[in-house]
Structures are given as structure tokens and as C-alpha cells.
Amino acid sequence: MSAITSRMITLVKSAIVFMTTLFATQALLQQKTFEKFFLGNLTRHTSLCPPVNVTLDTHFVSARHILCLDRCLASSNCTFFSLDGIKCSLWSFGVDASYQTATFAAPTLAAHKPSALMPPVDVALAKLVIPGSVYPGGYDAAVLTMGTSCIRKMEDCFCTSTTKNFAKIDLGAPQPVAKIVLTAPTTDDCPYFTGIRIRAGLLGDATDPVVGTTPTQVPTQSQQFEFPVTTGPVQYVYLWRPATGDAMCLCKVQALV
């Protein structure tokens, strides 16, 4: 068999594999569509939750987006994907359903995630968090509004110190918030989530209306709690744990409209 004939057979086989993949992907897309977004906080996400990188077939460079999408759909762990030339990156942590509505500081990474049908918008995404204090060795309070579940250990979430155990999220302007959602920390930090008082209003201090308090029972790790807001527009979410001499710990704050 000549080298030319062998090469032609290889190309035909590759084309058959590609067309099979293409048709399978098109069928899956009828059930699951993806939308573009820009992933922020790249230093944190690439170091804590790095993707699995796959090199795509260079024969089908023009279809690399479809091939990368197919790899993501075929993986049980892939939650979204990004593409850089022929490098397909499969990420395995969650991003909020309305993540694409927020603007994160550069640098960001273009990626694609499953689209949701009219998800509630989190107006706290990428907003300023003002902590009373930060526990030594813990993560910056900005993690509360990053909008992802990239967490590997308890230090990846936010904790105050044992004094000034409060934090304030500034939404930038009054918003028609319907509910506040808090995500508990992990492992040994879970006890420091109990008894957090949630205020939501226009002043950002202890005079804003109380919309709820986290349970006194220690939560399971990463457990979410919802608190309806019926007191009017909200610009500030103010969190305070009255327990004297104790830290306040949590992983995420959402303000859904």
C-alpha cells in the first residue's frame, strides 16, 4: 500500500469519526444548549479548580468548538468548557445560572455553559463586599459574590475574625430583591454559620430590616438557606453574627430578583 493511499484511508476514517460526532452532538443540542459567558477571578479558579485539558484533532480546526462541546457533553464531570486554539478545557465546578449577567474585572476567560430558561438574576454577582474583618489565613471576602462553587477546603471560603464579625454587600443601587440566599461553609467552619442575622435595606447598617437569621443547628457543608425579602428595595445586604468572641463564616451570598 502506498503512503498516499494509506494517508487517504486515515483521512476518510477521521472524517467518518468527525461526522458521527457532529450528528451526535447536534442531537444532544436539541436537549441541551450552551451559552457564552466570561469567567472571572481566573487566578483563583485555575489554581483551586483547574480544568482537564484535551488536545483536539488538528484536521478539523474549523469545527473545534463542536468537538470541544462534544467532549464536555460526554464527560460526567464537565459543567462548562473553554477553547484556546486546539486546546479544549473541561471545567468541573458550578457557576451561577445568571453568571453571564455580571461583569467581572479583567482578565476574564470566554467559556460556554448550559443555558437556563429564565433563571433568577443574582444582582450581588461581582458586587463589592465590605468585611468588618478577615480571619488570618482565610480567603478574601470577595469570594462571597464570585458566583461559583470552586471550593476545595474550608479556607477557600470567607471568615471574619473573632471581632468585628460582620460583612456588607453593596449592590450599587436599590434593587427589587425577592430573596437572599446564603451558602454555608465547609467542614470545621460550619458551626460559625449559625445565628447569622441578615439585614436588607437602603442604609447598610444595623437599622436596616431583618429578613432572617441562619438556624442555630449546625448546617451540612455547603448547605443553602433562603430568606424572602418583603420589606422593599435593597441596596445593601448586612450580615452579622452576634455571638461574642466568635467568627462568622460562609461561602456565598446571592440577592435574587
If you take the residues of the stretch 119-139 that are surrounded by fewer than 19 Cβ atoms within 10 Å (Cβ to Cβ) and over 17 Å from the mean Cα position of the chain (by Cα), which of them is nearest to L256 (Cα to Cα)?
I130
Only one residue in A206, A243, A247 is part of a loop (DSSP other than H, G, I, E, B) and touching a Cys at 6+ places or on another chain (Cβ under 8 Å), so which one is that?
A247
All but one of (1) hydrophobic (A, V, I, L, M, F, W, C); (2) under 13 Å from the mean Cα position of the chain (by Cα); (3) surrounded by fewer than 21 Cβ atoms within 10 Å (Cβ to Cβ); (4) assigned by TED's automatic domain parsing to the domain that holds M248 hold for I151, so report the exception by its number.
(3)
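State whether the residues of the stretch 232-246 include one that is of a type in the set (K, R) and within 20 Å of the chain's Cα centre (by Cα).
First pass over the stretch 232-246, keeping only residues of a type in the set (K, R): 241.
Cutting the leftovers down to within 20 Å of the chain's Cα centre (by Cα) gives us none.
No, that holds for no residue.
In the list A106, A110, which residue meets the criterion of being surrounded by fewer than 14 Cβ atoms within 10 Å (Cβ to Cβ), under 27 Å from S89 (Cβ atoms) and in contact with a Phe, Trp or Tyr (Cβ under 7 Å, 6 or more places away or on another chain)? Quick ask: steps written out before the conclusion?
Numbers: A106 fails: in contact with a Phe, Trp or Tyr (Cβ under 7 Å, 6 or more places away or on another chain).
Result: A110 is the single residue among A106, A110 that is surrounded by fewer than 14 Cβ atoms within 10 Å (Cβ to Cβ), under 27 Å from S89 (Cβ atoms) and in contact with a Phe, Trp or Tyr (Cβ under 7 Å, 6 or more places away or on another chain).
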The stretch 179-211, residues that are farther than 18 Å from F158 by Cβ and surrounded by fewer than 18 Cβ atoms within 10 Å (Cβ to Cβ):
K179, L202, L203, D205, A206, T207, P209, V210
Check on A3, modelled with pLDDT under 65 and out of contact with any His (no Cβ under 7 Å at 6 or more places or on another chain)
yes
Just one listed residue, out of Q235, Q254, Q217, Q221, is within 25 Å of Y99 (Cβ to Cβ) and outside any strand (DSSP E or B), and it is Q221
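The values are calculated or read from the model by the stated rules, or taken from the named source; none is laboratory data. The model shown is predicted, which means the values in this text are computed figures rather than measured ones. Neighbour counts run over all protein chains shown; Cβ positions are idealised from the backbone, glycine included.
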